[in-house]
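The values are calculated or read from the model by the stated rules, or taken from the named source; none is laboratory data. Small disclaimer: the values here were computed from a predicted structure and weren't measured. All Cβ positions, glycine included, derive from the backbone under ideal geometry; neighbour counts span all protein chains shown.
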Amino acid sequence: MLTLRGSSQRLCDGITRRDALRIGALGMGGLALPELLRAESTAGIRKSHKAVIMIYMVGAPSHQDMYDLKMDAPSEIRGEFRPIETNVPGIEICEHLPRLARIMDKLIPLRSVYGSPDGDHDSFICYTGRSKRTQPPGGWPAIGSVVSKLQRGVNPSVPPFVGLAPNAGHPPYGSPGLPGFLGISHAAFRPSGESRADMVLNGVTLDRLDDRKSLLASFDRFRHGVDSSGMMDGIDSINRQALDILTSSRLAEALDLNQEDPAVRERYGKGDPKNFGDGAPRNLEHFLLARRLVEAGARVVTLNFGRWDWHSDNFNGLKNTHLPQFDQGLSALIEDLHVRGMADDVSVVAWGEFGRTPQINKDAGRDHWPAVGNGLLACGGMKAGQVIGATDRLGARIANRPIHFGEVFATLYKNLGLDPNNAPIHDLAGRPQKLVDGWNALPEVV
């Protein structure tokens, strides 16, 4: 019998895992493990994989208070924050982002993002690059669902698309990105709370699991006979993924932060795991989980952070809670990816659905401003240490180099190894749909 956890270093017949590796090598022409690894390297097989980590800044952060401060504007527009120098001459960002300032050579601030058709709060455009106004039947799928469909998983026991998003008072704030017309089999896997304990076989042997699989298959054959909607195909895929997860500890281990170096955990910090109002938590451990999930085999990880909808008390809210914690979590993630040799493979993007008004309102807040917003790119082999785009003196309009959400998505797909305009997916009517609406990757970074 195979023990799945605990004494997993010894198999049923007393052979150690190291012995098993040696025995297994006999079937590979007598190669031992080091020779196999060298052969893999010689063959050009990568030990890592292309992936995306997307941070949705719930409720839309103010561009004028992060990467695009307007010191020449009147005080009712400028606000109270001051810029600081970064480690790239000529680039300045907010004084409350000192950690990001120290690694600006690894970052790409986007100062002229547009594409949100209105001022409605919704994560949809951040996950798809498209408007909700015009959609095919079933709806546009999120990037994680597209990648799940086209590239599948790196490891069958780790879902290709993972969403670190809790339920939120405003449902779009808690969305990890929806599968749209690709169906439930490509929806985000959402690990949370006590459900993690269900990801391992707690006392169930593989023989008993096989019996349950056979029973499940008999029910499925019956249900398929009466199903004409195609829903069963999606459920079958979910069942297969669940069984893969159960027969491997890989996902459970990735989610277990106790296995992480304490010094690394301290660098990321904890933040606050409670939802902020009707938004998401400021959970810094989610940044670390995202890295661990990618290492384990996930291709797209989305995480939702805070609630940036400061219609009142904007500056106290930003400097006392959101900016310092965002600065710590994101800088730790980016530095960690570089240290671990993952920076060329893993693209990182952090953004919200639109920007905030240049004019500070009577409650010391900033309101919705879909005309222009911001974002931050990093890693993925992109050319960093540069700013793309600019707004006018008041931060109200794009002055040069407009950047549509779709261009960023084209860049992310290209970084994943997908041609955004020649890798079609098919909607519910069988019609081919492009990954983006004719946009090309940002030439400045590729």
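Values computed for the structure shown
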read-out	value
Any chance Gly277 is at positive phi and within 15 Å of the chain's Cα centre (by Cα)	no
Among (1) more than 17 Å from the chain's Cα centre (by Cα); (2) at pLDDT below 95, the one test that Leu257 misses	(2)
Residues satisfying the stated conditions in region 303-347, i.e. touching a Gly at 6+ places or on another chain (Cβ under 9 Å) and at positive phi	Gly306, Asp313
Any hit, region 409-417, residues being assigned to a strand (DSSP E or B) and without any contact (Cβ under 8 Å) to a residue 60 or more places away in the chain	no
Boolean, Ser48 is farther than 29 Å from Ala168 by Cα, among the small types (Gly, Ala, Ser) and over 22 Å from the mean Cα position of the chain (by Cα)	no
Selected residue (criterion: surrounded by the fewest Cβ atoms within 10 Å (Cβ to Cβ)) from residues of region 381-400 that are out of contact with any Lys or Arg (no Cβ under 6 Å at 6 or more places or on another chain) and over 25 Å from Gly79 (Cα atoms)	Lys383
Qualifying residue in region 394-413 (condition: in contact with a strand residue (DSSP E or B) (Cβ under 8 Å, 6 or more places away or on another chain) and over 27 Å from Asp65 (Cα atoms))	no
Residues of region 112-146 satisfying the condition of being farther than 28 Å from Arg431 by Cα and buried (at least 24 other Cβ atoms within 10 Å of the Cβ)	Ser112, Val113
Test: residue in region 124-138 that is in contact with a strand residue (DSSP E or B) (Cβ under 6 Å, 6 or more places away or on another chain), more than 27 Å from Glu253 (Cβ to Cβ) and either in contact (Cβ under 8 Å) with a residue 12 or more places away in the chain or not hydroxyl-bearing (Ser, Thr, Tyr) (or both)	yes
Per-region count, region 307-316, residues farther than 16 Å from His63 by Cβ and in contact with a helix residue (DSSP H, G or I) (Cβ under 9 Å, 6 or more places away or on another chain)	1
Selection status of Asn400, polar (S, T, N, Q) and farther than 30 Å from Asn316 by Cα	yes
Hits in region 364-375 - residues which are surrounded by 22 or more Cβ atoms within 10 Å (Cβ to Cβ) and not in a loop (DSSP other than H, G, I, E, B)	Gly373, Asn374, Gly375
